[in-house]
Amino acid sequence: MLAGALAVSATLFTAAPQAYAAQSDGAFYRAELVQPVEARRSVVRDAMFMCSGTECTGTKANSRANIVCASFVREFGAVASFSAEGEALDAKALEKCNSRAK
C-alpha cells in the first residue's frame, strides 16, 4: 500500500510541472491576427512578440494592454482578439485598437 501511494505521489510530482510548462509558455500577451503573417519577431512597446500565421504571443511590457494593442496593430495588422495575462480586450477596446492598424 505504501509503495502504491509513493508511486502515485511520484507520478503527480513529475507530471504537474510538465502540465504547467505546457500551459505557461511565458506569454503575457496573446493576439489573433485577422490576416496571417509569415513567422517573425518584433519588439513592440518593450515586449517581444512572435507571430506565425494568425497566432502571436508576447512578453510583458510596461504599458497598458490598450496601448500595447494599438502599437501591435501598427506593426502586424488588425487583430480578431488581443489579451493581456488571460484577460481579453472587450469589443469596444478591440475596435479602438484596430483603428490604429495600417
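Laboratory data are not the source of any read-out in this text; all were calculated from the coordinates shown. None of the values given here were measured: they were computed from a predicted structure. Here the Cβ is made from the backbone with ideal geometry for all residues, glycine too, and neighbour counts use every protein chain on show.
Computed over the alpha-carbon pairs of segment 40-89, the distance histogram in 5 Å steps reads 5, 22, 39, 28, 7, 0 percent, short to long. Shown is the FRET efficiency for K102 and K60, computed with R0 = 25 Å from the Cβ-Cβ distance and rounded to the nearest 0.05: 0.55.
Restricting to Cα pairs below 8 Å that are 6+ residues apart, what does the relative contact order work out to for segment 25-98? Please round to a whole percent. Numbers along the way, then the final one.
Working: 146 pairs, mean separation 26.0, N = 74.
Computed value for segment 25-98: 35 percent relative contact order.
Kindly state, to the nearest 0.05, the FRET efficiency for A39 paired with A88, given R0 = 22 Å and r defined as their beta-carbon distance. Please report the intermediate quantities before stating the final value.
Numbers: r = 24 Å, r/R0 = 1.08.
For R0 = 22 Å, the calculated efficiency reads 0.40.
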